[in-house]
Amino acid sequence: MSTDAWADTLVIAAAAVATFVFTELVRRFAWRVGAVVRPDERRVHLRPTPTLGGIAMFGGLLVALLVAWVNGSFTEVFAQPVQLLGIVGAAAVILTVGVVDDFRQVSAPAKVAGITFGASLLVIAGVSIVTFRVPRFGLFLLSDDLVPLVTVLWVLAIANAINLIDGLDGLAAGIVAIAAGSFLVYSTVLREEGIIEASNPGPLVAMCALGVCLGFLPHNVSPARIFMGDGGSLLLGLLMAATTVSVGGSVDEPFSGQAFFFYAPLLIPLFVLGVPLLDTVLSILRRAIGRKQITEADKNHLHYQLVRMGHGNRRAVLIMWAWTALLSGLVLYPTLNEGRGDALVPIGVIALGLGLYTVLGARARRDRT
């Protein structure tokens, strides 16, 4: 294993271990202060469960960044710390918004305002979408007026997508772990090929997000001992938005001769986060057709529909993880194999099998019993 790989592994491990330890401490704290989610008709858990897991995740993020700084393998990133400080500041703001909402419900406009403020810190720090390459249409350079707007909308979309998908034990943390790991692989290759500079904080933030999720999952898989809460889901959304913007929003050089996704970096998160983003779009359409407020909660999300089909909570989570992994494979496999088209054949076969299991698996199991 190369020195860089060891350094990356150390950061991921530091985030995971710190989050694991902090989560137990936060769980006890949540019980003491009454930050407990009671079962009701909107939720599927059957017993009171503490929340505020996002605080432990933020602690894991800070420990991982400290380890990266002390390690010395990320000198270029910390030599120009403005973007990294902006990401940490935005994470703190969004975590605060979510934690307040975990204690007492915050109105939708207030929550959007808080996320917008956090996203604005990213823009001020220089973490923003400046370029967008569209295949067949070339490179679009956003004007100074559009850069803040597009970046804020991107953060709002990713953060709310993760927030909405957080409905079953372990679901959001697992999906973000897969997505962050996939984007880490992708951004590492870009860095090695010189497409992004060594000072780009995107890969480091992806490592932190991956490690934080791995450390939180043992406490959060069914039956969950603690929930991440809105603080945690919005924090994970912010981290994923920040890493995708850092890597994909400023690349203006096409990686010719490679696969499609190297050519259009900002399309990567639309695939690796395809499950929560699809769920968000369907939720908006469903509520618009039903003439309900977009912020009105319901139990018609994709994961709830899988449960109603008979898959059960754990199996529904595994199915959603599998779809996220498959979409990530759709991006990574042909990309890392020089864009060879035959990579799509096994992915297509797996997708067909997973689709059949998703639709017919629960029915077949009922028939056997």
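Checking every residue in the range 27-47 against the condition of being within 16 Å of residue 239 (Cα to Cα) and either within 19 Å of the chain's Cα centre (by Cα) or of a type outside the set (Asp, Glu) (or both) gives zero matches. Residue 230 fulfils the conditions (1) surrounded by fewer than 18 Cβ atoms within 10 Å (Cβ to Cβ); (2) at pLDDT 75 or above; (3) of a type in the set (Asp, Glu) except for a single criterion, (1). Filtering 217, 210 for residues that are on the phi < 0 side of the Ramachandran plot, surrounded by fewer than 22 Cβ atoms within 10 Å (Cβ to Cβ) and modelled with pLDDT of 90 or more leaves a single hit, 217. Right, residue 334: at pLDDT 70 or above, part of a helix (DSSP H, G or I) and not aliphatic (A, V, I, L, M) or not? So residue 334 fails the test.
Can you tell me which of 108, 90, 79 is in contact (Cβ under 8 Å) with a residue 24 or more places away in the chain, small (Gly, Ala, Ser) and touching a Phe, Trp or Tyr at 6+ places or on another chain (Cβ under 9 Å)?
Unique residue meeting the criteria: 90.
Look at the range 179-205: where a residue is basic (Lys, Arg) and a partner is crowded, with 18+ Cβ neighbours inside 10 Å, sitting 6+ places away or on another chain with Cβ atoms under 9 Å, you get 191/200; 191/202; 191/203; 191/247.
Of the listed requirements (1) surrounded by fewer than 24 Cβ atoms within 10 Å (Cβ to Cβ); (2) part of a helix (DSSP H, G or I), residue 223 misses just one: (2). For the range 175-213, a residue qualifies if it is in contact with a Lys or Arg (Cβ under 8 Å, 6 or more places away or on another chain) and part of a helix (DSSP H, G or I), and exactly one does: 203. Out of 96, 51, 19, one residue alone is under 17 Å from residue 232 (Cα atoms), in contact with an Asp or Glu (Cβ under 8 Å, 6 or more places away or on another chain) and of a type outside the set (D, E, K, R). It is 51. In the range 44-87, which residues are in a helix (DSSP H, G or I) and either touching a strand residue (DSSP E or B) at 6+ places or on another chain (Cβ under 8 Å) or of a type in the set (S, T, N, Q) (or both)? Of everything in the range 44-87, those that are in a helix (DSSP H, G or I) and either touching a strand residue (DSSP E or B) at 6+ places or on another chain (Cβ under 8 Å) or of a type in the set (S, T, N, Q) (or both) turn out to be 71, 75, 83.
Taking into account only those residues within the range 296-312 that are surrounded by fewer than 19 Cβ atoms within 10 Å (Cβ to Cβ) and part of a helix (DSSP H, G or I), which is modelled with the highest pLDDT?
Of everything passing the filter in the range 296-312, 305 is modelled with the highest pLDDT.
Among the residues examined, residue 27 qualifies as basic (Lys, Arg) and closer than 16 Å to residue 231 by Cβ.
If I filter the range 151-174 for residues that are part of a loop (DSSP other than H, G, I, E, B), among the acidic types (Asp, Glu), modelled with pLDDT under 85 and in contact with an Asp or Glu (Cβ under 9 Å, 6 or more places away or on another chain), do I get at least one hit? Within the range 151-174, one or more residues are part of a loop (DSSP other than H, G, I, E, B), among the acidic types (Asp, Glu), modelled with pLDDT under 85 and in contact with an Asp or Glu (Cβ under 9 Å, 6 or more places away or on another chain). Each residue in the range 207-232 was checked for being among the polar types (S, T, N, Q) and farther than 17 Å from residue 30 by Cβ, and 1 of them qualify.
Residues that are more than 23 Å from residue 212 (Cβ to Cβ), of a type in the set (S, T, N, Q) and modelled with pLDDT of 90 or more: does the range 116-131 have at least one?
Yes - at least one qualifying residue is present in the range 116-131.
Does residue 8 satisfy the condition of being surrounded by 17 or more Cβ atoms within 10 Å (Cβ to Cβ), assigned to a helix (DSSP H, G or I) and either more than 22 Å from the chain's Cα centre (by Cα) or at pLDDT below 95 (or both)? Yes: the conditions hold for residue 8.
The values are calculated or read from the model by the stated rules, or taken from the named source; none is laboratory data. Note that this is a predicted model, so its numbers are computed, not measured. Cβ atoms come from the backbone with ideal geometry, glycine included; neighbour counts cover every protein chain shown.
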